[in-house]
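J.: Okay, here's the structure, questions in a sec.
The values are calculated or read from the model by the stated rules, or taken from the named source; none is laboratory data. A quick note: this is a predicted structure, and the numbers were derived from the prediction, not measured. As a convention, Cβ positions derive from the backbone with ideal geometry for all residues, glycine included, and neighbour counts pool all protein chains shown.
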Amino acid sequence: MADHTFFSYNTNEALHLSEKERKIIIDCFNKVEYELQQSIDKHSKKLIAANIELFLNYCTRFYDRQFITRDNAHKGALENFESLLNEYFESDKPQLLGVPTVTWCAAALHLSSNYFGDLVKKETGKSAQEYIQAKIIDVAKQRITGNNKTVNEVAYEIGFKYPQHFSRFFKQRVGKTPNEFRNIN
């Protein structure tokens, strides 16, 4: 089930099927139904499982296609995501809510977390978490070099409760501590 994140999508994120695709899905259901109506034999379980797996694989294929063919709608969602992050860091939300999470961003965009994560991954090649973390680093770099605030103040401003977590996070992503980065730039 973990391989099929679409089970936790919201109803407004439903799979859009062409008539041809709909027939393929119905055929999978019909094969499972046929096996369930037959007398159980040594092949029944294997055939039912194979047809369910076929159904799931088709759903994955069709969702992948949907992410491509509904590209314009998804571009709007990504633009909204970027705007959401910009507004987040320009407000007092980081101090109140901490660093933004995938769940928070998805909810703010009226999407389920899994659909949102799959969408961001398909469009950017990065997970939603990686995208958010890259944004945090961009904001941190600007604030570290753009003013006279201490690293601790910057850490609190962008939503970290503990400055040492921010410093560790920054060093892991940038390869330098925030102070080393400030001194170089």
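J.: Which members of region 82-134 meet the condition of being within 22 Å of Asn10 (Cα to Cα) and among the small types (Gly, Ala, Ser)?
T.: Ala106, Ala107, Ala108, Ser112, Ser113, Gly117, Ser127, Ala128
J.: Go through (1) of a type in the set (A, V, I, L, M); (2) part of a loop (DSSP other than H, G, I, E, B); (3) at pLDDT 90 or above for Leu15 and report which single condition fails.
T.: Only one criterion in (1) of a type in the set (A, V, I, L, M); (2) part of a loop (DSSP other than H, G, I, E, B); (3) at pLDDT 90 or above is unmet by Leu15, namely (3).
J.: Right, here's the next one. Search region 29-44 for residues being of a type outside the set (D, E, K, R) and in a loop (DSSP other than H, G, I, E, B), and hand back the single one that is surrounded by the fewest Cβ atoms within 10 Å (Cβ to Cβ).
T.: It comes out as Ser39.
J.: Out of Leu85, Leu111, Leu96, I need the residue that is free of Cβ contacts under 8 Å to residues at least 60 places away in the same chain, hydrophobic (A, V, I, L, M, F, W, C) and buried (at least 16 other Cβ atoms within 10 Å of the Cβ). Which one?
T.: Exactly one residue qualifies, and that residue is Leu85.
J.: Mind listing whichever residues of region 1-28 are aromatic (Phe, Trp, Tyr) and loosely packed, with under 13 Cβ neighbours inside 10 Å?
T.: Across region 1-28, the qualifying residue is only Phe7.
J.: If you don't mind, there's one more thing I want to ask. Given the options Leu36, Leu78, name the one that is in the same structural domain as Ile137 (by TED's automatic domain parsing) and either over 29 Å from the mean Cα position of the chain (by Cα) or at pLDDT below 95 (or both).
T.: Of Leu36, Leu78, the one residue that is in the same structural domain as Ile137 (by TED's automatic domain parsing) and either over 29 Å from the mean Cα position of the chain (by Cα) or at pLDDT below 95 (or both) is Leu78.
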